[in-house]
Amino acid sequence: MGILTAEMQRMVAGLRLCYVATVTPDGKPNLSPKGSLKVLDDDHLAFADIMSPATMRNLRHNPHVEVNLVDPFLRRGYRFKGRCDVHLEGEVFDRVANELWEREGRQYPVNAVVRIAVEQALPVRSPAYVFNKGVKEEDVRRIWLERYGVKPLDK
């Protein structure tokens, strides 16, 4: 069993949008949204470099990253910390690029694929869960959908 639980993998597959934090060569933070996050296996995530020259420059200097993934309506998610390697071709590149192209078409270039060896995975939870003991996810979801003016579908 790897570090990425079934629930983590389900959330990555369902949301896909995440934010990747890197560090610039002069030590400043850089945060970049990614819409191609994918689980490779129980210990690795990956994303496509579609248009991320700053992220890629930073990874050449320092391969450590943190990926944050949060469901905006459930107000929970995960933060993944790890070390990256970059693939310009080969099995990892083909797997991630081909899945992106099958889903989105070839409208996006894939310049590289960044594979993350996840070293730490931690939950992210809203204070709603901490300060309202016993609150259910469906209640948090309903509240946030209402705040965004979205009416939940009847079951």
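What to note about this one:
- Furthest towards positive pole of dipole, P72, F47, L122, structure part the chain, Cβ charges: P72
- The per residue volume of the convex hull around the alpha-carbon atoms of the stretch 6-125 is 101 Å³.
- Packing rank of 102-111, 77-86, 48-57, where each peptide gets the mean count of other beta carbons within 10 Å, highest leading: 77-86, 48-57, 102-111
- Full-extension gain in nm, K133 to T5, via 0.36 nm per residue minus C-alpha separation: 43.6 nm
- Subtracting the Cα-Cα distance of K28 and E104 from their residue separation scaled by 0.36 nm leaves 24.1 nm.
- The distance linking the stretch 115-155 with the stretch 40-91 is 22 Å (Cα centroid to Cα centroid, whole angstrom).
- Spatially proximal lysines relative to K28 (Cα-Cα < 30 Å; intrachain offsets below 8 disregarded): K38, K81
- Computed helical MRE - 222 nm, the chain, DSSP H runs ≥ 4 contributing -39500 (n - 2.57), nearest 500: -9000 deg cm²/dmol
Read-outs throughout are calculated quantities, based only on the coordinates presented, and are distinct from any laboratory measurement. Since we're looking at a predicted model, the values are computed, not measured. Virtual Cβ from ideal backbone geometry, glycine too; neighbours counted across all protein chains shown.
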